[in-house]
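The values are calculated or read from the model by the stated rules, or taken from the named source; none is laboratory data. All values reported here derive from a predicted model rather than from experimental measurement. Glycine gets a Cβ as well: all are built from the backbone with ideal geometry, and neighbour counts include every protein chain shown. The protein model used for the area step is the full one, side chains on, heavy atoms only, and it has no ligands, DNA or RNA in it. Shrake-Rupley method; radii C 1.70, N 1.55, O 1.52, S 1.80 Å.
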Amino acid sequence: MADRVTVIGWDGSPLTSAARSALSAATLVAGAAHHLALPEVPANAERIRLGSLDLAARRIAGHRGSPVVMADGDPGLFGVVRTLRAPQHGLEVEVVPAVSSVATAFARAGMPWDDAQLVVAQSRTLRRAVNVCRAHPKVAVLTSPGAGPVELALLLEGVHRTFVICEELGTEREQVTVLTSDKVADHTWRDPNVVIVIGGAAAVSRSGWAAGRDPGYPPAVRGWALAPEPGGPSAGEGESVQLRAAQLALLGPRLGDLVWDIGCGGGDLSVDAARFGAAVIAVDTDLAACDRTAAAARSAGVQLQIVHGRAPHVLERLPEPDVVRIGGGGVPVVTACVDRRPERIVTHASTRDEAEAIGYALSDGGYNVECALLQSVQLDPGDWSERERSVVFLLSGEQPRRD
């Protein structure tokens, strides 16, 4: 039984002496077709075309001899190393590294990438990868068949981005193409490829200190659910900073999520959700509110998609949300959101009758409903007199967990 496997990264350049030495002693070589065709692969070695990594790992663990696995780029970056190191296979892994395809792609584009987000697009992660591209100004996407440049571009409809598409890096057929996202679906692209998605209001690259962070991080102002700036837009009826903080806590926006903020008002909650790394679509029927939300996003250095229109009708053409915050519209808007099956819906009501109606709409849609009566009183710390009092019903609906 093999208890040790050598993993060789290959970036298209000549193999290193360490890689050639490992291959010369190999009795089993696993890799893609172009790896197995390399002249350095011993003619008498058993060959495995990599498909299911778990199946390949089990065969390698049961092999008597010296197994070698070949992988494109850096095998430790979303690669085979993680699978081979899984406890159930019992393998000790030695890695002969190579330049990652992501590093090569950014080198071909002549761009720094310490400020880029890095995601993998597969059939089950494609939508979340697209949401990262919505929310962040620079994203490298490792694609797969059925989740490539065309699918990325189609799901980004309505959001302008520039695509740097790097096909077959490290091979003689390597090609780098720069297109706007609306033109990408007009072409056929070769696998494998890396797509760099750039653009948006915050796409100016600045030196940072932590990889993967947006330009300008950490934010100039610490905290979330902060009070509006003096002279800024006031909160909607029944809304307060404390209510916004509670809504954010219930929504839990995170990287890869798409948040709908319906009735965005001045955009405070939209901006807060975006600062958590989520993609946000802010919706309001008031054009002035949309303008205020756009200004708030620019000031905070985050990216939002802003949709001017009246809910629930305007929601029909929006992409599927993960979580939804409803700032107004009552039961009809709640019902329309329930039909789209987000993981969580958060809203509020100013009266008990309205809260009961919303609660019934959520529960009838199959959501577990919670409701709390929130009272917040703002005090003047000078004389501790009352400045403002707000009483509101906070409601949330959560889809039952599928254990």
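Each residue in region 42-64 was checked for being of a type in the set (Asp, Glu) and over 34 Å from the mean Cα position of the chain (by Cα), and 1 of them qualify.
From the list 235, 211, 227, 220, exactly one residue is closer than 22 Å to residue 120 by Cα, among the hydrophobic types (A, V, I, L, M, F, W, C), open to solvent by 40 Å² or more (accessible area, probe 1.4 Å) and at pLDDT below 95. Which is it? Result: 211 is the single residue among 235, 211, 227, 220 that is closer than 22 Å to residue 120 by Cα, among the hydrophobic types (A, V, I, L, M, F, W, C), open to solvent by 40 Å² or more (accessible area, probe 1.4 Å) and at pLDDT below 95. Determine, yes or no, whether residue 127 is open to solvent by 20 Å² or more (accessible area, probe 1.4 Å), of a type in the set (D, E, K, R) and at pLDDT below 95. No, not satisfied. Taken together, 46, 40 contain a single residue that is touching a Lys or Arg at 6+ places or on another chain (Cβ under 6 Å), open to solvent by 40 Å² or more (accessible area, probe 1.4 Å) and either more than 30 Å from residue 121 (Cβ to Cβ) or modelled with pLDDT under 95 (or both), which is 40. Only one entry of 115, 74 meets the criterion of being open to solvent by less than 20 Å² (accessible area, probe 1.4 Å) and in a loop (DSSP other than H, G, I, E, B), and that entry is 115. Restricted to region 126-153, and to residues there that are touching a residue at least 60 places away in the same chain (Cβ under 8 Å) and assigned to a loop (DSSP other than H, G, I, E, B), the residue that is nearest to the chain's Cα centre (by Cα) is 136.
Checked against (1) out of contact with any strand residue (DSSP E or B) (no Cβ under 6 Å at 6 or more places or on another chain); (2) modelled with pLDDT of 95 or more; (3) within 30 Å of residue 6 (Cβ to Cβ), residue 113 meets all criteria but (2). Across region 345-390, what is the number of residues that are among the aliphatic types (A, V, I, L, M), open to solvent by less than 50 Å² (accessible area, probe 1.4 Å) and closer than 24 Å to residue 401 by Cβ? Adding up the residues that qualify gives 6.
What about residue 250, is it out of contact with any helix residue (DSSP H, G or I) (no Cβ under 9 Å at 6 or more places or on another chain), open to solvent by less than 10 Å² (accessible area, probe 1.4 Å) and either part of a helix (DSSP H, G or I) or not hydroxyl-bearing (Ser, Thr, Tyr) (or both)? In short, no. When the test is whether a residue is open to solvent by 40 Å² or more (accessible area, probe 1.4 Å), under 21 Å from residue 316 (Cβ atoms) and touching a strand residue (DSSP E or B) at 6+ places or on another chain (Cβ under 7 Å), residue 340 does not pass it. Taken together, the criteria place residue 63 among residues that are part of a loop (DSSP other than H, G, I, E, B), touching a residue at least 24 places away in the same chain (Cβ under 8 Å), touching a strand residue (DSSP E or B) at 6+ places or on another chain (Cβ under 8 Å) and surrounded by 13 or more Cβ atoms within 10 Å (Cβ to Cβ). For region 348-358, the count of residues that are in a helix (DSSP H, G or I) and either modelled with pLDDT under 95 or small (Gly, Ala, Ser) (or both) is at least one. It is to be established whether one or more residues within region 255-270 are buried (at least 20 other Cβ atoms within 10 Å of the Cβ), out of contact with any strand residue (DSSP E or B) (no Cβ under 6 Å at 6 or more places or on another chain), of a type in the set (A, V, I, L, M, F, W, C) and in a helix (DSSP H, G or I). Within region 255-270, not a single residue is buried (at least 20 other Cβ atoms within 10 Å of the Cβ), out of contact with any strand residue (DSSP E or B) (no Cβ under 6 Å at 6 or more places or on another chain), of a type in the set (A, V, I, L, M, F, W, C) and in a helix (DSSP H, G or I). Just so you know, in region 150-184 the residues that are of a type in the set (Lys, Arg) and modelled with pLDDT of 95 or more include one that is farthest from residue 303 (Cα to Cα), and it is 183. Taken over region 18-37, the criterion of being outside any helix (DSSP H, G or I) and open to solvent by 70 Å² or more (accessible area, probe 1.4 Å) is satisfied by 37 alone. Total residues in region 363-393 satisfying the condition of being small (Gly, Ala, Ser), outside any strand (DSSP E or B) and at pLDDT below 95: the figure is 1. I'm checking my understanding of the structure. Among residues of region 301-336 that are small (Gly, Ala, Ser) and over 18 Å from residue 369 (Cβ atoms), which one is surrounded by the most Cβ atoms within 10 Å (Cβ to Cβ)? So the residue we want is 327. Filtering region 80-109 to residues that are in contact with a Lys or Arg (Cβ under 9 Å, 6 or more places away or on another chain), open to solvent by 70 Å² or more (accessible area, probe 1.4 Å) and within 18 Å of residue 66 (Cα to Cα) leaves 92, 94.
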